[in-house]
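K.L.:
My questions all concern the structure below.
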Amino acid sequence: MSEFVIHNARVVTCDPARAGLGVIDHGAIALAGSTIRWVGHTAERPKSEREFDAGGRLVTPGLIDCHTHAIFAGERANEFAMRAAGRTYLEIAQAGGGIAASLGPTRAATDAALIAALNERLDAALRGGTTTIEVKSGYDLTVDGELRLLGCVAAAAKRRGQRVVPTLLAHLVPPERAAHRDRFVAELCDQLIPRVAEAQLATSVDAYCDEGAFTLAETRAIFGAARGAGLRVRAHAGQFRDFGAAELLGEMSGLSADHVEQISEPGIAALARAGTVAVMLPGACVQLRLPVPPVERLRRAGVAMAVASDLNPGSSYCETLPIQMWLATTHFGMTVEEAWLGVTRHAARALGVTGAGTITRGARGDLIVWGCDEPAYIPYRYGTTTPLIDAMFLGGERLVAALSPLAS
């Protein structure tokens, strides 16, 4: 197998064996097929007839968006206007908006329409540097409908070099089932989760444990069914109220606790003990005018923090991660190093995926060559129309057409 070598680069390895971001100045990367075979200094690089001179530019792992709701139909711009006028998320939801407002359009959309819309959003994420992206179900809330959404995600993923990680989301009890929520939860546990696991349509189950969604007891039942089916567990935890989901995730070795604007000290300690990642979703937090998650307390406890887009039609209609990195470093008070690890190594950990988020031997060759030499430049120029990505490699293959107009 012929090797391909990227050299003369400022390589941000995100390697846990190296300090900080693991930067190698005058670095080089050797790829064998889709896999990174060697990382080191340019002067020591393996010989190869195929080379790419990075010209001293920054080379990083491909970005990983570990929390999106990217498959849906319709939009909710009217709710954005209502919030701008002072209405809260919960007030809008109680009036028939919120998640429930996306059910009708999504249920009515054809598979072809859902896949086409999903591909458009995945393309936009890719142009922003996202080479691995999680996609949750959750905008149908029937057994057959959620299976259909995950089937559409699988169909889209088959045609992409971008890695797509599917998640079954227990979003909330639909309005038409509110009088019999116990039966709905039983359907999730006894029918939907086992069928998803059997068909290998998701790698984990995410439960929304919060005001207006699932109770802690219901979440425990959902998690028990997921683990019994061989799926990992994650949660929307403490966006509006702390119901104890973080402690439950710690108990059940959950992959991630997402949102965590509201989390107790015992909850933080539970995440730290279990190695559960806290996923920061600054786009939604800022748009909903919520308190900032306790970043300093999470940091002190040694909880790994990821940063994600929360791409969804209601509270964070954003496909690109550099904007979220900017918000994480300005509004949330995370460091540039934390933001970068949050969209690379820690995001991979939040998804439970291996061979992603680092430039290390054996990792998949998802790489970005940026038009700069400083990691801080990416969140610093978060909204520029000037192309920041000079080249991108997916599984060792350089993209050109898929990146237009950003490709060099």
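None of the figures in this text is laboratory data; all of them are computed from the coordinates on show. This structure is a prediction, so every number in the text was calculated from the model and none was measured. Don't worry about glycine lacking a Cβ; one is built from the backbone with ideal geometry, like all the others, and counts go over all protein chains shown.
K.L.:
Between Leu90 and Ala19, what is the label-point separation in nm under the 7 Å Cα-to-beta-carbon projection?
P.N.:
With each label point 7 Å from Cα toward Cβ, the separation is 4.6 nm.
K.L.:
Which shape class applies to region 252-400: rounded if a/c is under 1.5, otherwise prolate when a/b exceeds b/c and oblate if not, where a ≥ b ≥ c are the square roots of the Cα gyration tensor eigenvalues?
P.N.:
Details: a/c = 1.96, a/b = 1.34, b/c = 1.47.
Cα axes put region 252-400 in the oblate bin.
K.L.:
Take each of the peptides 221-233, 171-183, average the number of other beta-carbon atoms within 10 Å over its residues, and list them starting from the highest. Kindly include the intermediate steps, with their values, before the conclusion.
P.N.:
Working: 221-233: 19.8, 171-183: 14.7.
Answer by packing, highest mean first, reads 221-233, 171-183.
K.L.:
Quick one: dipole size for the chain, taken about the Cα centre, charges +1 on Lys/Arg Cβ and -1 on Asp/Glu Cβ, in debye to the nearest 20.
P.N.:
Values: 39 positive and 43 negative charges, 93 e Å.
Result for the chain is approximately 440 debye, rounded to the nearest 20.
K.L.:
Can I ask one more? If we sort 61-71, 253-263 on the protection proxy, mean other Cβ atoms within 10 Å, highest first, what's the order?
P.N.:
Going by the mean number of other Cβ atoms within 10 Å, highest first, we get 61-71, 253-263.
K.L.:
Consider a paramagnetic label point 7 Å from the Cα of Ala108 along Cα→Cβ; state which residues of region 125-156 have an amide N under 16 Å from it.
P.N.:
Flagged as within label range: 140.
K.L.:
Which of Arg121, Arg159, Arg398 ends up with the largest GNM mean-square fluctuation for the chain, with Cα atoms connected below 10 Å?
P.N.:
Maximum among the listed residues: Arg159.
K.L.:
Same structure, new question: Pop a pseudo-label 7 angstrom from the Cα along the beta-carbon direction at both Arg289 and Glu397 and give the gap in nm to one decimal.
P.N.:
Between Arg289 and Glu397, the simple spin-label model gives 4.8 nm.
K.L.:
Pulled fully out, how much extra length does the chain show between Glu187 and Asp373, if you take 0.36 nm times their separation in residues and subtract their Cα-Cα distance? Before the final figure, lay out each step's value.
P.N.:
Values: separation 186, 0.36 × 186 = 66.96 nm, distance 5.21 nm.
Stretched out fully, the Glu187 to Asp373 stretch lengthens by 61.8 nm.
K.L.:
Separate question: Give me the distance in nm between label points sitting 7 Å out from Cα along the Cα-to-Cβ direction at His180 and Thr142, one decimal.
P.N.:
1.4
K.L.:
May I pose another question? As a check on your grasp of the helix formula, calculate [θ] at 222 nm for the chain: sum -39500 (n - 2.57) over DSSP H runs of n ≥ 4, divide by the residue count, round to the nearest 500.
P.N.:
Values: 16 runs with 141 residues, N = 408.
Calculated mean residue ellipticity at 222 nm is -9500 deg cm²/dmol.
K.L.:
Tell me the relative contact order for region 64-351 as a rounded percent, counting alpha carbon contacts under 8 Å between residues six or more apart.
P.N.:
Details: 597 pairs, mean separation 53.8, N = 288.
Averaging sequence separation for qualifying contacts and normalising by length gives 19 percent for region 64-351.
K.L.:
Follow-up. May I ask for the distance between the Cα centers of region 18-66 and region 183-200, given as a whole number of Å?
P.N.:
After rounding, the separation between the Cα centres reads 43 Å.
K.L.:
Within 14 Å, Cβ to Cβ, of Met334, how many net charges do the neighbouring residues add up to if Lys/Arg are +1 and Asp/Glu are -1? It would help to have the intermediate numbers written out before the result.
P.N.:
Values: positive: Arg297, Arg299, Arg300; negative: Glu296, Glu337, Glu338.
Surrounding charge for Met334 is 0.
K.L.:
What FRET efficiency, computed as 1/(1 + (r/R0)^6) with R0 = 41 Å and r the Cβ-Cβ distance, is obtained for Glu265 and Asp53, rounded to the nearest 0.05? Can you show the working numbers first?
P.N.:
Details: r = 51 Å, r/R0 = 1.24.
Here the calculated transfer efficiency is 0.20.
K.L.:
Sort 81-87, 35-41 for me by packing, meaning the mean count of neighbouring Cβ atoms within 10 Å per residue, highest on top. Intermediate values should be presented prior to the final figure.
P.N.:
Details: 81-87: 12.0, 35-41: 17.9.
Packing proxy ranking, top to bottom: 35-41, 81-87.
K.L.:
Have a look at Asp210, Asp25, Asp140 and tell me which one the Gaussian network model of the chain (Cα, springs below 10 Å) gives the largest fluctuation.
P.N.:
Of Asp210, Asp25, Asp140, the most mobile in the Gaussian network model is Asp25.
K.L.:
Any idea how far the Cα center of region 211-287 sits from the one of region 126-154, in Å?
P.N.:
Result: 20 Å between the Cα centres.
K.L.:
Considering the chain as a Gaussian network with a 10 Å cut-off on Cα pairs, which listed residue, Thr384, Thr215, Thr203, attains the greatest mean-square fluctuation?
P.N.:
Among Thr384, Thr215, Thr203, the largest mean-square fluctuation in the Gaussian network model of the chain belongs to Thr384.
K.L.:
Please compute the length gained on full extension between Asp123 and Arg300, using 0.36 nm multiplied by the number of residues separating them and subtracting their Cα-Cα distance. It would help to have the intermediate numbers written out before the result.
P.N.:
Values: separation 177, 0.36 × 177 = 63.72 nm, distance 3.69 nm.
Working it through step by step, the gained length comes to 60.0 nm.
K.L.:
Something else now. Net charge around Arg273, counting only other residues with Cβ within less than 13 Å of its Cβ (Lys, Arg = +1; Asp, Glu = -1)? Please list the in-between numbers first.
P.N.:
Numbers: positive: none; negative: Glu247, Glu251, Glu265.
Within the 13 Å Cβ shell, the charges total -3.
K.L.:
Count the DSSP beta bridges whose two residues both fall in region 1-99, then state the antiparallel fraction as a percent rounded to the nearest 5. Mind showing how you got there, number by number?
P.N.:
Numbers: 13 of 19 bridges.
Percentage antiparallel, nearest 5: 70.
K.L.:
Also, quick follow-up: What shape does region 163-262 take by its C-alpha gyration tensor, where a ≥ b ≥ c are the square roots of the eigenvalues and a/c under 1.5 counts as rounded, a/b above b/c as prolate, and the rest as oblate? Numbers along the way, then the final one.
P.N.:
Details: a/c = 1.65, a/b = 1.09, b/c = 1.50.
Oblate.
K.L.:
While we're here: Net charge near Leu394: determine it from the other residues with C-beta under 14 Å of the C-beta of Leu394, scoring Lys and Arg +1 and Asp and Glu -1.
P.N.:
Working: positive: Arg127, Arg159, Arg160, Arg163, Arg364, Arg398; negative: Asp123, Asp366, Glu397.
Net of charged neighbours comes to +3.
K.L.:
In a Debye calculation with equal point scatterers on the alpha-carbon sites of the chain and no solvent, what is log10 I(q)/I(0) at q = 0.08, 0.10 Å⁻¹?
P.N.:
Rounded to two decimals, the profile gives -0.40, -0.64.
K.L.:
Given charges of +1 on the Cβ of Lys and Arg and -1 on the Cβ of Asp and Glu, with all other atoms neutral, how large is the dipole of region 175-243 about its Cα centre, in debye to the nearest 20? Before the final figure, lay out the partial values.
P.N.:
Numbers: 9 positive and 10 negative charges, 35 e Å.
The dipole magnitude comes to about 160 debye.
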